[in-house]
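The values are calculated or read from the model by the stated rules, or taken from the named source; none is laboratory data. What you are looking at is a predicted structure, and each value in this text was computed from that prediction instead of being measured. Here Cβ is always computed from backbone atoms with ideal geometry, including for glycine, and neighbour counts include all displayed protein chains.
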Amino acid sequence: MGKKPVHTAGHGRFHTYRAVLAEHDMTEEGPGQSIMVAKIFIHPKWNRNCVFCGNDIALLKLEKSAVINDKVQPACLPQHGATLAHNQPCYVTGWGRLYSGGPSATTLQQALLPVVDHDICSQSDWWGSSAKTTMVCAGGESKSACHGDSGGPLNCKGRDNHGPKLKKCSMTEQVNGQ
């Protein structure tokens, strides 16, 4: 990450002005890095009253550079115009609630959420007309991001499916378990 910003969602509450990197278990002292946020840049066209209008992104400028190591690596963002294939494996991670109305996780949770083609995602029993072609839909089955996971990544393996290289392609937004 060096001097590069941390990527998160614009709809965050930003009551905690620090970035925690490489943490896994919040109940134990670990190898994670906790770095104060110097400045928050929310997309100028983000509209808190219109989540589906897009631009739900913020960049966090850290007070100091993160230490790059085997647990902290820069995100590999996809090229402009790149698309993800239907059923491409992606993972959502976070410390959000373990279930609707339940407690927040103390260890980092992850769930496999395959990419869902826009033709399916835009059907009325999914997101309907709220699903834009600029969005990535992922999910199905009974797994999803939950309240408190917003701003976390949807990490997708590259087309070669080799190694730990993941593409951070989207922020998460969970509505009605989908």
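Numbers at a glance
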read-out	value
Qualifying residues in the stretch 11-28 (those that are at pLDDT below 85 and outside any strand (DSSP E or B)) - the one surrounded by the most Cβ atoms within 10 Å (Cβ to Cβ)	11
Qualifying residue in the stretch 74-95 (condition: closer than 27 Å to residue 30 by Cα, in contact with a His (Cβ under 6 Å, 6 or more places away or on another chain) and assigned by TED's automatic domain parsing to the domain that holds residue 151)	no
Pairs where the first residue, in the stretch 7-22, is among the hydroxyl-bearing types (Ser, Thr, Tyr) and the second is at pLDDT 80 or above and part of a loop (DSSP other than H, G, I, E, B), C-beta under 9 Å, 6+ apart	8/57; 8/150; 8/151; 8/152
In the stretch 124-147, residue nearest to the chain's Cα centre (by Cα) [restricted to those that are exposed (fewer than 13 other Cβ atoms within 10 Å of the Cβ) and assigned to a loop (DSSP other than H, G, I, E, B)]	134
Residue selected from the stretch 100-123 under the condition surrounded by fewer than 18 Cβ atoms within 10 Å (Cβ to Cβ) and among the hydroxyl-bearing types (Ser, Thr, Tyr), by the criterion modelled with the lowest pLDDT	100
Extreme residue, farthest from residue 151 (Cα to Cα), among residues of the stretch 29-58 that are touching a helix residue (DSSP H, G or I) at 6+ places or on another chain (Cβ under 9 Å) and at pLDDT 85 or above	45
Residues of the stretch 35-49 that turn out to be in a strand (DSSP E or B) and not small (Gly, Ala, Ser), as a count	7
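A quick yes/no check of all residues on (1) part of a strand (DSSP E or B); (2) more than 20 Å from residue 142 (Cβ to Cβ); (3) over 19 Å from the mean Cα position of the chain (by Cα):
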position	(1), (2), (3)
67	no, yes, yes
73	no, yes, no
82	no, yes, no
86	no, no, no
92	yes, no, no
101	no, no, yes
